[in-house]
1. Could you count how many residues in segment 260-317 are hydroxyl-bearing (Ser, Thr, Tyr), under 19 Å from the mean Cα position of the chain (by Cα), surrounded by 19 or more Cβ atoms within 10 Å (Cβ to Cβ) and in a loop (DSSP other than H, G, I, E, B)?
2. Which members of segment 355-370 meet the condition of being among the hydrophobic types (A, V, I, L, M, F, W, C), within 14 Å of residue 169 (Cα to Cα) and either touching a residue at least 40 places away in the same chain (Cβ under 8 Å) or open to solvent by 30 Å² or more (accessible area, probe 1.4 Å) (or both)?
3. Within segment 199-220, track down each residue that is in a loop (DSSP other than H, G, I, E, B) and surrounded by 18 or more Cβ atoms within 10 Å (Cβ to Cβ).
4. Mind checking which residues of segment 142-165 are open to solvent by 10 Å² or more (accessible area, probe 1.4 Å) and touching a residue at least 12 places away in the same chain (Cβ under 8 Å)?
5. Kindly indicate the residue of segment 224-245 that is within 17 Å of residue 261 (Cβ to Cβ) and part of a loop (DSSP other than H, G, I, E, B) and also most open to solvent (accessible area, probe 1.4 Å) among those meeting that condition.
6. Check residue 324 against each of (1) open to solvent by less than 20 Å² (accessible area, probe 1.4 Å); (2) under 21 Å from residue 88 (Cβ atoms) and name the one condition it does not meet.
7. What tally of residues in segment 110-152 results from selecting those that are out of contact with any Gly (no Cβ under 9 Å at 6 or more places or on another chain) and either assigned to a helix (DSSP H, G or I) or closer than 23 Å to residue 198 by Cα (or both)?
8. Can you tell me which condition residue 120 does not meet? The list is (1) touching a strand residue (DSSP E or B) at 6+ places or on another chain (Cβ under 7 Å); (2) more than 16 Å from residue 256 (Cα to Cα), and all the others hold.
Amino acid sequence: MGRETNPQGGGETTGGTTDGLASRRTVLRLAGLSGVGALAGCVGGAGLGNQGIDSVTYGVLSPMTGPYGGLAEGQRNGAKLAVQHVNESDEFGFEMNAVYEDTEADTATGRQVAQKVVQQDGANYLMGAISSSTALALNSFAANEEVIYNPGAAAMNITGSECNEYVFRAETHTAQVAEAVAPWTANNVGTNVWFHIADYAYGQSVRREWSSRMKAASDDFTEVGVSRSQLGATNYGSYISQISNSEADVAVLGMTGGDLINFTKQAANQGLKQDVQLVSPTMTFQVVRNALGPAAYGTYGGVRYVPKIETGDNQSFVSAYRDAYGSVPDSFARVAYDSIRMTAHGIVETGSSDPEEVKDTLPGLEVPSTFGPNRFRKCDHQAMNPVWAGENVEPSGGGAANVALRQKVEGPNAIPPCDQVDCDL
């Protein structure tokens with residue numbers, strides 16, 4: 001599979017070159033019509049893309065620099081493996097090209113690189129972002145440009161109040177994690193809770209979703225206090241002191257990446273862990289555990305993914321990832337891998353690569369994933385992923401914490417009912 005440097009925007013391109021946006025869309029629509037006519041009465045067969053699809057271009061937009069740089073590498077690696085899987089598998093029958101750009105975890109930059117890959121590189125499909133604020137900007141961009149977008153961010157409103165018909169998310173959102181882990185936390189860890197959040201879309205979503213579910217799970221739940229820091233802050237000493245001097249026995253941290261790592265390190269150094277249990281939806285992430293070392297021992301978190309699970313074709317994915325990169329995949333790699341593959345199966349089922357047609361086929365379509373048979377739910381286009389409650393435990397040889405899975409909630413039980421997600425499609 002060839003790789004070349006994009007001469008227009010400096011991004012890395014995998015696969016062949018692309019035409020301009022207008023001409024590409026015209027070609028795709030004509031190809032889609034041809035494919036639909038040829039496939040009448042033959043929906044669901046392998047390799048249907050051969051009938052009317054030559055190629056598909058994905059723009060993969062990851063925050064390679066900025067506060068989420070440590071998470072973005074896995075996302076990009078997972079996307080590359082997905083493109084390779086599509087191109088090497090007989091299931092699809094079309095060539096997938098990818099253009100890789102850096103959002104810098106910045107909303108304006110995210111929109112700029114999205115515009116570049118769509119208008120200059122001819123991408124009709126987008127995957128990426130980890131910052132929920134950037135993802136929300138890409139939500140509206142996708143709707144305006146009529147391209148399909150797979151968000152790599154977790155705020156509930158991405159497929160909730162800010163949903164639209166072009167957005168399909170394989171990432172597990174904050175409400176799914178909260179549905180599984182918040183009641184378990186209230187029943188097994190503590191009920192006097194302090195919320196500290198990074199004050200942007202993701203952190204706000206964590207506080208909202210966890211507070212409501214912990215309250216419903218236990219009559220003893222008390223929100224002791226709330227504190228907020230800017231995304232990318234580095235000094236959390238004053239917040240840690242507030243929590244330490246409160247009546248809290250649990251601190252729920254609505255933050256991820258460098259923010260969560262820095263907060264937890266400083267909390268351990270200031271002795272907060274001796275009296276207050278630290279819980280975060282993302283505390284079990286591989287990059288977080290690797291960075292924290294012993295500081296992660298005895299903390300709790302939601303588990304969206306760990307490589308050891310025996311579901312779907314996950315072990316094949318883990319093996320391919322290890323062969324390619326010399327390590328095991330994290331949650332962000334899994335999200336990128338499933339996002340692109342699940343959407344590719346929708347393209348095959350449609351018999352057209354036109355996103356206006358694929359967006360009508362994907363909702364509710366059962367497709368393979370690392371979690372087994374999965375689908376983007378019709379009412380909100382959210383994947384129905386399982387979730388686990390987990391504890392970071394000290395391994396026998398020391399080093400990065402291992403994740404002990406304490407409770408699994410299956411996908412249909414982890415996702416809120418359609419009438420509770422505030423998505424109007």
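1. Here is the first cut: in segment 260-317, the ones hydroxyl-bearing (Ser, Thr, Tyr) are 264, 280, 282, 284, 297, 299-300, 305, 311, 316.
Checking which are under 19 Å from the mean Cα position of the chain (by Cα) leaves us with 280, 282, 284, 305, 311.
Still in the running and surrounded by 19 or more Cβ atoms within 10 Å (Cβ to Cβ): 280, 282, 284, 305.
Narrowing further to those that are in a loop (DSSP other than H, G, I, E, B): 282, 284, 305.
Total meeting the criteria: 3.
2. Taking segment 355-370 as the starting set, the residues that turn out to be among the hydrophobic types (A, V, I, L, M, F, W, C) are 358, 362, 365, 367.
Filter once more, so that each one left must be within 14 Å of residue 169 (Cα to Cα): 362, 365, 367.
Of everything in segment 355-370, those that are among the hydrophobic types (A, V, I, L, M, F, W, C), within 14 Å of residue 169 (Cα to Cα) and either touching a residue at least 40 places away in the same chain (Cβ under 8 Å) or open to solvent by 30 Å² or more (accessible area, probe 1.4 Å) (or both) turn out to be 362, 365.
3. Step one: list which residues in segment 199-220 are in a loop (DSSP other than H, G, I, E, B), which gives 199-200, 218-220.
Within segment 199-220, just 200 meets the criteria.
4. Of the residues in segment 142-165, the ones open to solvent by 10 Å² or more (accessible area, probe 1.4 Å) are 143-146, 156-157, 161-165.
Matches in segment 142-165: 143, 145, 146, 156, 157, 161, 162, 163, 164, 165.
5. Within segment 224-245, the match that is most open to solvent (accessible area, probe 1.4 Å) is 230.
6. For residue 324, the exception is condition (1).
7. Adding up the residues that qualify gives 10.
8. (1)
The values are calculated or read from the model by the stated rules, or taken from the named source; none is laboratory data. Computed from a predicted structure; not experimentally measured. Positions of Cβ are generated from backbone atoms using ideal geometry, with glycine treated the same way; all protein chains shown enter the neighbour counts. To get the accessible areas, we keep the full protein, side chains included, count just its heavy atoms, and leave off ligands, DNA and RNA. Shrake-Rupley method; radii C 1.70, N 1.55, O 1.52, S 1.80 Å.
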